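Before any comments, here is the structure.
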Amino acid sequence: MYKKECRACGCIGILTSLVFGALVGVLFAFSLIPNIVISVWIAFGLAVLSLIILIVAAFLASSERYGALVKCLCINGKCLLAGTIGTIIIALAALSIVLTPVFVSITILLSIGAVFFALMIISIICLISCIINALSFRR
């Protein structure tokens, strides 16, 4: 049997994402993140890469040979898709404005973006962990 699966949309994943988002918001509000535009570009690039990987994994999962991938996409795919799409949308919104910590709305926007980004990273880690776990029990 499989070990206990890592679920990105579980209690720990959501709480970690929210704490990360609040931390980024507080640090940005006090101007302690000097190159936030570069960070948003990196988050956007990783989100696009994650979306490409998710699309390729979905096509591969349609084959009957990849049972571990199907199982793990069913567990973590929705959360990964939500984190990826949320990161892309928020990053595009953040890159279209001037990011200054003067406005509370910009701080909130970046906090929400950090929540989605953390959720995306946690989902990728859980997906890879699930695939490795499923493959190691198959032997």
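The values are calculated or read from the model by the stated rules, or taken from the named source; none is laboratory data. These numbers come from a predicted model, not from an experiment. Please note: Cβ atoms are built from the backbone with ideal geometry, for glycine as well, and neighbour counts cover all protein chains shown.
Okay, here's what the table says:
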quantity	calculated
The listed residue being within 20 Å of the chain's Cα centre (by Cα) and touching a residue at least 60 places away in the same chain (Cβ under 8 Å), out of V24, V70, V56	V24
Considering residues of the stretch 89-110 that are of a type in the set (G, A, S) and surrounded by 21 or more Cβ atoms within 10 Å (Cβ to Cβ) only, the residue farthest from L15 (Cα to Cα)	A94
Some residue of the stretch 125-137 being of a type in the set (G, A, S), out of contact with any His (no Cβ under 9 Å at 6 or more places or on another chain), assigned to a helix (DSSP H, G or I) and under 14 Å from T16 (Cβ atoms)	no
Any hit, the stretch 76-85, residues being aliphatic (A, V, I, L, M), part of a helix (DSSP H, G or I) and free of Cβ contacts under 8 Å to residues at least 24 places away in the same chain	no
Every residue from the stretch 27-51 that is free of Cβ contacts under 8 Å to residues at least 24 places away in the same chain and more than 15 Å from T87 (Cα to Cα)	L27, L32, I33, P34, N35
Qualifying residue in the stretch 91-100 (condition: out of contact with any Pro (no Cβ under 7 Å at 6 or more places or on another chain), touching a residue at least 60 places away in the same chain (Cβ under 8 Å) and not charged (D, E, K, R))	yes
Of all residues making up the stretch 8-32, the number that are surrounded by fewer than 17 Cβ atoms within 10 Å (Cβ to Cβ) and assigned to a loop (DSSP other than H, G, I, E, B)	4
Residues within the stretch 63-80 that are touching a helix residue (DSSP H, G or I) at 6+ places or on another chain (Cβ under 8 Å) and either at pLDDT 95 or above or of a type in the set (S, T, N, Q) (or both), tallied	1
Which numbered condition A114 misses (of (1) closer than 25 Å to L27 by Cα; (2) surrounded by fewer than 18 Cβ atoms within 10 Å (Cβ to Cβ))	(2)
